[in-house]
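Structure first, commentary second.
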Amino acid sequence: MKIGIFDSGIGGLSVLHEAYHMLNDTEYIFYADTDHVPYGTKTPDEIRTYSEEIVKFLISKGCQAIIIACNTATSVSAKKLRELHHDIPIIGMEPAVKPAIEENDERRILVMATPVTLREAKLKNLIARVDEKHKVDLLPMPGLVSLAENEDFSPDKVLPYLTQQFEGFSSRDYSALVLGCTHFNYFKAEYRNFFNDSTSLIDGNKGTLRHVADLLSIELNKDEDKELIFKDINEMLDMTHTSYYFSGRPAQESELGHIFRLHKRLEEVRKI
Ligand code: DGL
């Protein structure tokens with residue numbers, strides 16, 4: 001089974017990385033639309049146009065299913081993409097509000113996402129359906145997208161931004177942070193400077209991939225937590241059966257280096 005996974009940029013690698021852990025016998029094409037990142041501040045029409053091009057491209061490369069590894073693109077384009085391609089499963093992502101509410105104690109839930117995801121009807125409808133006790137608060141975090149894209153994980157860049165965004169929010173009031181953008185997974189360690197272990201960090205990756213496995217009858221790996229470290233770029237390419245594209249162009253050597261380093265970081269933050 002060959003699956004196409006796309007995102008505006010490298011946020012979707014967090015989904016691909018988790019897929020390496022969880023799914024057996026799968027090949028991937030990963031597509032980062034780095035010419036157009038960030039999507040989170042674009043218009044819905046722009047995002048729909050980019051997503052339609054990407055899906056056509058992935059199908060032309062033989063993908064038998066598509067994962068939209070982007071909450072923003074899912075919220076504005078999943079419906080249209082499914083109308084255009086009835087014959088191929090297209091799986092979207094949405095902020096994991098439901099699991100956060102199910103796990104929740106008496107404290108509140110903070111859903112972080114891009115401005116587009118927070119504005120769109122898809123998330124509003126989800127919250128209206130599942131947030132019976134009105135416990136969900138919303139927080140836009142567009143700055144984390146460019147930090148992740150630039151591999152800018154240094155504390156002096158990330159912490160001032162988070163200090164400003166998290167002002168007034170703490171573990172005393174919040175039982176969960178929902179990471180409603182795939183780029184936000186890279187910063188799990190940094191959130192811990194502001195929220196202690198009594199606040200869970202909840203992303204939608206595992207839930208989405210369980211759904212993918214079920215829908216496509218892919219066997220789940222019984223040893224999904226086995227450490228996944230690649231010695232070098234060649235080993236990464238050999239072991240993962242993945243072709244990488246950046247806005248339609250095959251990844252160059254330097255871009256593969258970027259991907260290699262990001263997989264390493266994702267493996268580190270996976271345990272947090
Ligand atoms: N990674 C994307 C998401 O999950 C969007 C980031 C962006 O391009 O703004 O929403």
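Taking SER171, is it assigned to a loop (DSSP other than H, G, I, E, B) and either within 16 Å of the ligand (Cβ to nearest atom) or open to solvent by 20 Å² or more (accessible area, probe 1.4 Å) (or both)?
Here the answer is no, as SER171 does not meet what is asked.
Hey, could you check region 93-136 for residues that are within 15 Å of the ligand (Cβ to nearest atom) and open to solvent by 20 Å² or more (accessible area, probe 1.4 Å) and say which is nearest to ILE3 (Cα to Cα)?
Filtering region 93-136 for residues that are within 15 Å of the ligand (Cβ to nearest atom) and open to solvent by 20 Å² or more (accessible area, probe 1.4 Å), the one nearest to ILE3 (Cα to Cα) comes out as GLU94.
Taking the conditions exactly as written (under 25 Å from TYR28 (Cβ atoms) and either hydrophobic (A, V, I, L, M, F, W, C) or away from the ligand (no atom under 16 Å from the Cβ) (or both)), does ILE67 satisfy them or not?
Yes.
May I ask you to list the residues in region 174-218 that are loosely packed, with under 15 Cβ neighbours inside 10 Å and either free of Cβ contacts under 8 Å to residues at least 24 places away in the same chain or among the basic types (Lys, Arg) (or both)?
Across region 174-218, the qualifying residues are ARG192, ASP197, ARG210, ASP214, SER217.
Is it true that some residue in region 219-226 is within 16 Å of the ligand (Cβ to nearest atom), surrounded by 13 or more Cβ atoms within 10 Å (Cβ to Cβ) and more than 26 Å from SER154 (Cα to Cα)?
No, the conditions are met nowhere in region 219-226.
Considering only region 127-159, how many residues are of a type in the set (A, V, I, L, M, F, W, C) and more than 18 Å from PHE169 (Cα to Cα)?
Final tally of qualifying residues: 7.
Those residues that are at pLDDT 95 or above, touching a helix residue (DSSP H, G or I) at 6+ places or on another chain (Cβ under 8 Å) and either open to solvent by 10 Å² or more (accessible area, probe 1.4 Å) or of a type in the set (Gly, Ala, Ser) (or both), I need them from region 37-49; list them, please.
The answer is VAL37, PRO38, GLY40, LYS42, PRO44, ARG48.
The values are calculated or read from the model by the stated rules, or taken from the named source; none is laboratory data. The structure presented is a predicted model; accordingly, all values stated were derived computationally and were not measured. Here the Cβ is made from the backbone with ideal geometry for all residues, glycine too, and neighbour counts use every protein chain on show. The area values use the complete protein model at the heavy-atom level, side chains included, leaving out ligands, DNA and RNA. Shrake-Rupley method; radii C 1.70, N 1.55, O 1.52, S 1.80 Å.
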